[in-house]
Amino acid sequence: MAKTALAVLESALRVRKLDRTLTTALPPLERTDAAALAATGLAPLDACLHGGLPRGQLSEIAGPRSSGRMTLLWQLMAAAARRGEIAALVDPFDRVDVASACAAGVDLDRLLWIRGQALARVQPSPSLDRALDRALKALNLVLQAGGFGVVAIDLADVPPLALTRLPYTTWLRVQRAIEGSDTACVLVVPEPLARSAGG
């Protein structure tokens, strides 16, 4: 069954011309050290992920609006708090719904929430570029500080055009900052963005 799933995945990546993102530099999916993973707290998803998101690597939660991407992030952060870890969220446009976070079980005492400037409309503009730049700098500072189980940046409401203007090296630098650490770094985006920076 695992070989069939792998074949389906490789075929889907080839169709979307993403097959070059597969590398042998990444650890095998059959990880044996549970400490190298950040469980999401959702048993079916953790089973699909072979235990959770890899620590020391950049992961993405991608999907359109109302696809459950923030719910999944809240579950991940709640699971981190249950393990006694501290989580951090970089919120570039101050759009976090605290009630949803509490309903998902997030312990706000174990969450560093970095709030950006609220923008009335998130559209390509100099103010959007400044907000993204500040958010990425905040993300790097948190990652360099260390001590966090999960660190996320919410780029879900950023227009795809603005995201594609970010240099690809941005994600390589993020990956380099967390390499070998105990932190799982998560991008919340409307569509895949980092394209296997870890590879």
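The values are calculated or read from the model by the stated rules, or taken from the named source; none is laboratory data. No experiment lies behind these values; they were computed from the predicted model shown. All Cβ positions, even for glycine, are placed from backbone atoms using ideal geometry, and neighbour counts span all protein chains on display. Each accessible area value is taken on the protein alone, full model and side chains, heavy atoms only, with ligands, DNA and RNA left out. Shrake-Rupley method; radii C 1.70, N 1.55, O 1.52, S 1.80 Å.
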In the stretch 77-131, what residues are within 26 Å of PRO160 (Cα to Cα), among the small types (Gly, Ala, Ser) and out of contact with any Gly (no Cβ under 7 Å at 6 or more places or on another chain)?
-> ALA88, SER100, ALA101, GLY116, ALA118, ALA120, SER125, SER127
Restricting attention to the stretch 46-62, which residues are part of a strand (DSSP E or B) and among the acidic types (Asp, Glu)?
-> GLU60
Test ARG69 against the criterion of being of a type in the set (Lys, Arg) and either more than 18 Å from the chain's Cα centre (by Cα) or buried (at least 21 other Cβ atoms within 10 Å of the Cβ) (or both), and give yes or no.
-> no
Residue count, the stretch 140-150, condition open to solvent by less than 30 Å² (accessible area, probe 1.4 Å) and in contact with a helix residue (DSSP H, G or I) (Cβ under 7 Å, 6 or more places away or on another chain), comes to 3
Residue check, PRO160 against (1) open to solvent by 50 Å² or more (accessible area, probe 1.4 Å); (2) more than 22 Å from ARG65 (Cβ to Cβ); (3) out of contact with any strand residue (DSSP E or B) (no Cβ under 7 Å at 6 or more places or on another chain), all met but one. Which one?
-> (2)
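Each row is one residue, and each column tells you yes or no for (1) at pLDDT 70 or above; (2) farther than 25 Å from ASP97 by Cα; (3) out of contact with any Ser or Thr (no Cβ under 8 Å at 6 or more places or on another chain).
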| position | (1), (2), (3) |
| --- | --- |
| THR24 | no, yes, yes |
| THR32 | no, yes, yes |
| ALA36 | yes, yes, yes |
| LEU42 | yes, no, yes |
| LEU53 | yes, no, no |
| LEU58 | yes, no, yes |
| SER66 | yes, no, yes |
Considering the stretch 75-112, residues that are part of a loop (DSSP other than H, G, I, E, B) and among the acidic types (Asp, Glu), and then whichever is surrounded by the most Cβ atoms within 10 Å (Cβ to Cβ), we arrive at GLU85
Would you tally the residues in the stretch 63-74 being among the hydroxyl-bearing types (Ser, Thr, Tyr) and not in a helix (DSSP H, G or I)?
-> 2
Look at ARG134 and say whether it is over 27 Å from ASP107 (Cβ atoms) and among the basic types (Lys, Arg).
-> no
